[in-house]
Amino acid sequence: MIISQEFTLNAPRVRVWDFFLDVPRSSACMAGVEDVTQVDEKTYRGRIQVKIGPLRAGFSVTVELSEVQPPERLVLLVQGDDRATGSLVRAVVSALLQPQGGRTLVSYQMDLSIRGALGRFGGTVIQDVARKMTAQFVECVERSLAAPARVDGRQDG
């Protein structure tokens, strides 16, 4: 299933890029994400609690930064499993950051596969959950980016 969304953040692209690559900080803005640890330069592990339909699941997740093209494009490979529901999730998430004056347009696409108990829910239910999670993420990122930025001499491009 393909999930695509766009949103605009009130910060320059370089600042948004730096925030996204600060995985402990950016993952704190994702509803249900906890216990994020860095495995190596490009790999992180953590847990995510989700509710789809009447089911709740706690996925153990590995995320790999598979493609990093600063400050424009980021591709993540996500794999996870929830033993309680017997569900598996696999996703390729691509994000494109485009400057718009002092703001940033973020376009993302997720190619998502869910197997097991959670996989039996239709695309409409999963799309609705994704929309809600994205809205919560954007609100949190906006609050985080509104905090004073460090001065490092970098310019947006």
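Coordinate-derived values only; no laboratory data. None of these values were measured; they are calculated from a predicted model. Virtual Cβ from ideal backbone geometry, glycine too; neighbours counted across all protein chains shown.
Brief remarks on what is shown
- Of the listed requirements (1) closer than 20 Å to VAL23 by Cβ; (2) in contact with a strand residue (DSSP E or B) (Cβ under 9 Å, 6 or more places away or on another chain), SER144 misses just one: (2).
- Among the residues making up region 1-27, a single one is of a type in the set (Phe, Trp, Tyr) and farther than 24 Å from THR37 by Cβ: PHE7.
- Just one of the listed residues (VAL36, VAL68) is in contact with a Pro (Cβ under 8 Å, 6 or more places away or on another chain) and surrounded by fewer than 20 Cβ atoms within 10 Å (Cβ to Cβ), namely VAL36.
- Top-ranked residue in region 5-18 [being within 13 Å of ALA147 (Cβ to Cβ) and in contact with a strand residue (DSSP E or B) (Cβ under 9 Å, 6 or more places away or on another chain); ranked as surrounded by the most Cβ atoms within 10 Å (Cβ to Cβ)]: ALA11
- Of all residues in region 71-104, those that are farther than 23 Å from GLN5 by Cα, hydroxyl-bearing (Ser, Thr, Tyr) and either in contact with a Pro (Cβ under 6 Å, 6 or more places away or on another chain) or surrounded by fewer than 18 Cβ atoms within 10 Å (Cβ to Cβ) (or both) total 1.
- Condition check for SER87: out of contact with any Lys or Arg (no Cβ under 6 Å at 6 or more places or on another chain), hydroxyl-bearing (Ser, Thr, Tyr) and closer than 21 Å to ARG120 by Cβ: yes
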